[in-house]
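Q: One structure coming up, written as structure tokens, with questions to follow.
The values are calculated or read from the model by the stated rules, or taken from the named source; none is laboratory data. What you are looking at is a predicted structure, and each value in this text was computed from that prediction instead of being measured. Cβ sites come from the backbone with ideal geometry, for glycine too, and all protein chains shown count toward neighbours.
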Amino acid sequence: MTMVAILSGAGISTDSGIPDYRGPNGLWRRDPEAERLVTYGPYMADPEVRRRSWLMRRDTPVLTAEPNAAHRAIAAFERTSGHALRVITQNVDGLHQAAGVPDRKVFELHGTVRSVVCTACHARSPMAEALERLEAGEPDPACRACGGILKPATVMFGQRLDPVVLGDAMSVAKAAEVFLAVGTSLQVQPAASLAGIAAEHGARLIIVNAEPTPYDALAAEVVREPIGTALPALLERLR
Ligand code: ZN
């Protein structure tokens, strides 16, 4: 049994119709107005920013997207290969779990858009419920338990990563025998450094990404072909 870790980024979800929002060249970074909607300070300070942020959540394709061939290949590998698989993801779309990877094996560095969290009492509830309240006429739904400001359970710009999730991801990177970085430009820290940590600890680093990354020189293998076909083939080879 081999310990296989996969670090996934925006590139794995583009075949599901989800564009790169938060990467260095992502949509949000290129549109300062949109970036404010997902930046913690403005979000907390301005009810108008929150109103527009909820509408943006309602209108993005993220919540209705379906897993694609790459997500499904990872889930099938987890179920049937006999190897230990862990997924560390920079994505907030929940598509690894939607494809069938158990929740406990997925470490979401930037949180998830499938839940909302209260910024005061930290209670969590489904995003679908918040969007129903939006549709019912609450433009900025407040926490039902304490009246606090609700936000998506994502790590917004200006927020720190959850240290527990990051610690777990570090442990996975150190323990991995094979570390696949898929659809990530490896330019956002500390997520990117996980590839270096894995390689330092003896993992065979494989990078599957259309563009060069700063970690290509450390990799045992670099794959430039489209993820939807290259990743299923690669996982088949690792069985
Ligand atoms: Zn609350």
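Q: Hey, could you check region 105-134 for residues that are part of a helix (DSSP H, G or I) and within 16 Å of the ligand (Cβ to nearest atom) and say which is surrounded by the most Cβ atoms within 10 Å (Cβ to Cβ)?
A: So the first thing to find is which residues in region 105-134 are part of a helix (DSSP H, G or I), and the list is 105, 127-134.
Restricting the remaining residues to those that are within 16 Å of the ligand (Cβ to nearest atom) gives 127, 129-130, 133.
Numbers: Met127: 22, Glu129: 13, Ala130: 20, Arg133: 16.
Once the filter is applied, the top-ranked residue is Met127.
Q: Look at Ala173 and say whether it is farther than 22 Å from Val113 by Cα, touching a Leu at 6+ places or on another chain (Cβ under 7 Å) and at pLDDT 95 or above.
A: On the way: farther than 22 Å from Val113 by Cα: yes; touching a Leu at 6+ places or on another chain (Cβ under 7 Å): yes; at pLDDT 95 or above: yes.
So Ala173 fits the description; yes.
Q: Given the structure, is Val92 assigned by TED's automatic domain parsing to the domain that holds Arg72, part of a strand (DSSP E or B) and more than 14 Å from the ligand (Cβ to nearest atom)? Don't jump to the end; show me each part of the working.
A: Values: assigned by TED's automatic domain parsing to the domain that holds Arg72: yes; part of a strand (DSSP E or B): no; more than 14 Å from the ligand (Cβ to nearest atom): yes.
No: the conditions fail for Val92.
Q: Scan region 149-181 residue by residue and report those that are more than 16 Å from the ligand (Cβ to nearest atom), β-branched (Val, Ile, Thr) and farther than 20 Å from Glu200 by Cβ.
A: In the first step, residues of region 149-181 are kept if they are more than 16 Å from the ligand (Cβ to nearest atom); the result is 154-181.
In the following step, the residues that additionally are β-branched (Val, Ile, Thr) were identified as 154-155, 164-165, 172, 178.
Thr154, Val155, Val164, Val165, listed by residue number.
Q: Within region 145-159, does at least one residue satisfy the condition of being in a loop (DSSP other than H, G, I, E, B), over 20 Å from the mean Cα position of the chain (by Cα), modelled with pLDDT of 95 or more and under 23 Å from Ser81 (Cβ atoms)?
A: Of the residues in region 145-159, the ones in a loop (DSSP other than H, G, I, E, B) are 145-148, 155-156, 158-159.
Next, only the ones that are over 20 Å from the mean Cα position of the chain (by Cα) stay: 145-148.
Okay, now just the ones that are also modelled with pLDDT of 95 or more, so 145-148.
Cutting the leftovers down to under 23 Å from Ser81 (Cβ atoms) gives us none.
No - not one qualifying residue is present in region 145-159.
Q: Provide a single number: the residues in region 80-94 that are under 13 Å from the mean Cα position of the chain (by Cα) and surrounded by fewer than 16 Cβ atoms within 10 Å (Cβ to Cβ). Lay out the reasoning, then the answer.
A: First, pick out the residues of region 80-94 that are under 13 Å from the mean Cα position of the chain (by Cα): 87-94.
After this cut, where a residue has to be surrounded by fewer than 16 Cβ atoms within 10 Å (Cβ to Cβ) as well, the list is none.
Looking only at that region, the number is 0.
Condition check ((1) buried (at least 16 other Cβ atoms within 10 Å of the Cβ); (2) not in a loop (DSSP other than H, G, I, E, B)) across all residues:
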{"site": "Gly11", "(1), (2)": "yes, yes"}
{"site": "Arg22", "(1), (2)": "yes, no"}
{"site": "Arg29", "(1), (2)": "no, yes"}
{"site": "Ala34", "(1), (2)": "yes, yes"}
{"site": "His96", "(1), (2)": "yes, yes"}
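Q: Filter region 135-148 down to the residues that are surrounded by 16 or more Cβ atoms within 10 Å (Cβ to Cβ) and in contact (Cβ under 8 Å) with a residue 60 or more places away in the chain and list them by number.
A: Within region 135-148, Asp140, Pro141 qualify.
Q: On to the next question. So is Leu205 touching a helix residue (DSSP H, G or I) at 6+ places or on another chain (Cβ under 6 Å) and in the same structural domain as Val106 (by TED's automatic domain parsing) or not? First the steps, then the outcome.
A: On the way: touching a helix residue (DSSP H, G or I) at 6+ places or on another chain (Cβ under 6 Å): yes; in the same structural domain as Val106 (by TED's automatic domain parsing): yes.
So Leu205 passes the test.
Q: Does at least one position in region 158-167 carry a residue that is surrounded by fewer than 23 Cβ atoms within 10 Å (Cβ to Cβ) and in contact with a helix residue (DSSP H, G or I) (Cβ under 6 Å, 6 or more places away or on another chain)?
A: Let us first name the residues in region 158-167 that are surrounded by fewer than 23 Cβ atoms within 10 Å (Cβ to Cβ), namely 158-167.
Cutting the leftovers down to in contact with a helix residue (DSSP H, G or I) (Cβ under 6 Å, 6 or more places away or on another chain) gives us 158-159.
Yes: region 158-167 contains one or more residues that are surrounded by fewer than 23 Cβ atoms within 10 Å (Cβ to Cβ) and in contact with a helix residue (DSSP H, G or I) (Cβ under 6 Å, 6 or more places away or on another chain).
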